[in-house]
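The values are calculated or read from the model by the stated rules, or taken from the named source; none is laboratory data. Fair warning: this is a prediction, and the values are worked out from it, not measured in the lab. Neighbour counts are summed over all protein chains in view; Cβ atoms, including those assigned to glycine, are modelled from backbone coordinates with ideal geometry.
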Amino acid sequence: MKQDEKYLFSQLRSGNEKAFEYFFKTYFEQLYQYAFQITKEQFQSEEIVEDTFVMLWEKRRKIDLHGTPKSYLFQMVYNQCLNYFKHKKVGDKYRELFLYHQPVSDLSGSQSGYPLETLINQEFQEVVEKSIQKLPPQCRQIFIMSRLEGRKNKEIAVILGISVNTVKTQLLRGLKSVRSDLIDLVILFFLKK
């Protein structure tokens, strides 16, 4: 079986979607359980594994496999978990700085009297809305149906007449784009300081 998986992995590197689907279906649940053991967070574990598969597909041509595909995938998930903890630690540090240590007047230069948390939430909301509007039409529609309307991937696939994998891929792209814009906002806040 391992030799077959190495062959399938070489097919994945060449852009074979069926090979990608094999690894996704075969290892998603195992990788999710592994990520959950590390993070202890259900939603974040799922995000980490989904991001891992997106990264696998996007960087497939550059991958130089030395071990088994399974060990490579587990290592990718482990690295994604480490990145999650690094970002979480930085985010927690800055959230504490903003919410508990920085006066409102330092943020905008005015004495508006609004709580700092409200100002930050409004800014985040604006960035999220603008980020969603920048998404390609199908990606935006799937993102809205999933994250704002609370629909399941399977339901979205049936409504739009597309595969569940397409829904997952488009949703991951949307999440990645929105996250990127939010990270840019956090960096901007600290550069202003």
Q.
Quick check on the range 137-151: of everything there that is more than 17 Å from the chain's Cα centre (by Cα) and within 23 Å of W57 (Cα to Cα), which residue is surrounded by the fewest Cβ atoms within 10 Å (Cβ to Cβ)?
A. P137
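Is it true that K25 is exposed (fewer than 12 other Cβ atoms within 10 Å of the Cβ), outside the structural domain of K176 (by TED's automatic domain parsing) and under 25 Å from K152 (Cβ atoms)?
On the way: exposed (fewer than 12 other Cβ atoms within 10 Å of the Cβ): yes; outside the structural domain of K176 (by TED's automatic domain parsing): yes; under 25 Å from K152 (Cβ atoms): yes.
It is true that K25 is exposed (fewer than 12 other Cβ atoms within 10 Å of the Cβ), outside the structural domain of K176 (by TED's automatic domain parsing) and under 25 Å from K152 (Cβ atoms).
Condition check ((1) surrounded by 15 or more Cβ atoms within 10 Å (Cβ to Cβ); (2) closer than 20 Å to K176 by Cβ; (3) of a type in the set (A, V, I, L, M)) across all residues:
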{"residue": "F9", "(1), (2), (3)": "yes, no, no"}
{"residue": "S14", "(1), (2), (3)": "no, no, no"}
{"residue": "E29", "(1), (2), (3)": "no, no, no"}
{"residue": "Y34", "(1), (2), (3)": "yes, no, no"}
{"residue": "E50", "(1), (2), (3)": "yes, yes, no"}
{"residue": "W57", "(1), (2), (3)": "yes, yes, no"}
{"residue": "Y84", "(1), (2), (3)": "yes, yes, no"}
Q: Check K86, K40, K25 and return the single one that is within 22 Å of R173 (Cβ to Cβ) and of a type outside the set (G, A, S).
A: K25
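Is it the case that L188 is under 22 Å from the mean Cα position of the chain (by Cα) and at pLDDT 80 or above?
Values: under 22 Å from the mean Cα position of the chain (by Cα): yes; at pLDDT 80 or above: no.
Against the criterion (under 22 Å from the mean Cα position of the chain (by Cα) and at pLDDT 80 or above), L188 does not qualify.
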Q.
Based on this model, can you work out whether L99 counts as modelled with pLDDT under 55 and under 25 Å from R179 (Cα atoms)?
A. yes
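So, in the range 133-144, exactly how many residues are aliphatic (A, V, I, L, M) and either at pLDDT 90 or above or under 21 Å from V49 (Cα atoms) (or both)?
2
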Q) Quick check: is even one residue across the range 43-56 among the polar types (S, T, N, Q) and free of Cβ contacts under 8 Å to residues at least 12 places away in the same chain? A) no
(Q) Looking for something surrounded by fewer than 16 Cβ atoms within 10 Å (Cβ to Cβ), over 19 Å from V54 (Cα atoms) and of a type in the set (A, V, I, L, M, F, W, C) - is there at least one such residue anywhere in the range 162-170? (A) no
